């Protein structure tokens, strides 16, 4: 694809992602926040596609924008929070503290990003592009996942089992 | 584009931090945490262009942890709501002082 077209798509997606994030933090209704967050997650999935991470983009849409967001939606509707919500934005010193904390973390990240020598001058991506070309979009992630990271992958399954049991146990009325 | 993706990740992470500090609704706090995890994922994928495919593999693990965290966290929210009829952190003061 033409590089200027790619840059244009990237800018559009990035603006949508940031606006979605601002809307999520600023909107009063939890339901509106959730929909803004879904917008942001979809834009990030699009950016994953531009970064040649097709499998991660698909997983992002399925797991994040699909499963996790449905879980949030379900809880909001179960607890009947979609309407009759009280304003919950903090006032005064907390707002200052929030902007200060976000500013400090943003400044630290900005300083790290702009550090000279962190990124190569050229676009990079030769390694990823080569493995995607050789193994396919799924294989490029699956080969290292099952070969080099087999033990963490198995531990992940234990984590999910524990989380499922814990969630059922916590949400049950009587143990 | 790697460079600007890292900038976008930094902005989204800072927005998540801002939301965690200034909001009191527990569900919105969770959403802000998800946004921060997603910003970290974006940084991982962007840096996988520089370092290699391992960044994308790590995103897979981060997503698993995020799913587990959302499930357990929302279960805690439901059981808190059952006790206090509220999702506002101002009402969760049993262990505060």
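Scanning segment A:43-53 for residues that are modelled with pLDDT under 90 and more than 7 Å from chain B (Cβ to nearest Cβ) returns a single hit, A:52. Scanning segment A:154-175 for residues being more than 8 Å from chain B (Cβ to nearest Cβ), within 25 Å of the chain's Cα centre (by Cα) and closer than 20 Å to residue B:70 by Cβ gives a total of 5. The combined condition, being surrounded by fewer than 13 Cβ atoms within 10 Å (Cβ to Cβ) and outside the structural domain of residue A:35 (by TED's automatic domain parsing), is not fulfilled by residue A:102.
Taking segment B:51-64 as the range and being surrounded by 15 or more Cβ atoms within 10 Å (Cβ to Cβ), outside any loop (DSSP other than H, G, I, E, B) and at the interface with chain A (Cβ under 8 Å from one of its Cβ atoms) as the test, the residues that pass are B:54, B:56, B:57, B:59, B:60, B:61, B:63, B:64.
Residues checked against (1) farther than 22 Å from residue B:33 by Cβ; (2) free of Cβ contacts under 8 Å to residues at least 60 places away in the same chain; (3) assigned to a helix (DSSP H, G or I); (4) not assigned by TED's automatic domain parsing to the domain that holds residue A:26:
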| site | (1), (2), (3), (4) |
| --- | --- |
| A:44 | no, yes, yes, no |
| A:49 | yes, yes, yes, no |
| A:55 | yes, no, yes, no |
| A:58 | yes, yes, yes, no |
| A:63 | no, yes, yes, no |
| A:77 | no, yes, yes, no |
| A:109 | no, yes, yes, yes |
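Which condition breaks for residue A:36 when tested against (1) more than 8 Å from chain B (Cβ to nearest Cβ); (2) crowded, with 19+ Cβ neighbours inside 10 Å; (3) not in a helix (DSSP H, G or I)? Of everything listed in (1) more than 8 Å from chain B (Cβ to nearest Cβ); (2) crowded, with 19+ Cβ neighbours inside 10 Å; (3) not in a helix (DSSP H, G or I), residue A:36 misses just condition (3).
Residue B:86 satisfies every condition listed in (1) part of a helix (DSSP H, G or I); (2) under 24 Å from residue A:170 (Cβ atoms); (3) free of Cβ contacts under 8 Å to residues at least 40 places away in the same chain except (1). Residue B:19 meets each of the listed conditions (1) under 23 Å from residue A:7 (Cα atoms); (2) touching a helix residue (DSSP H, G or I) at 6+ places or on another chain (Cβ under 6 Å); (3) within 7 Å of chain A (Cβ to nearest Cβ) apart from (1).
Checked against (1) more than 7 Å from chain B (Cβ to nearest Cβ); (2) more than 22 Å from the chain's Cα centre (by Cα); (3) surrounded by fewer than 16 Cβ atoms within 10 Å (Cβ to Cβ), residue A:142 meets all criteria but (2).
The values are calculated or read from the model by the stated rules, or taken from the named source; none is laboratory data. In this text the structure is predicted, and so the values were computed from the model without any measurement. Using ideal geometry, Cβ is built from the backbone for each residue, glycine included, and neighbour counts are taken over all protein chains shown.
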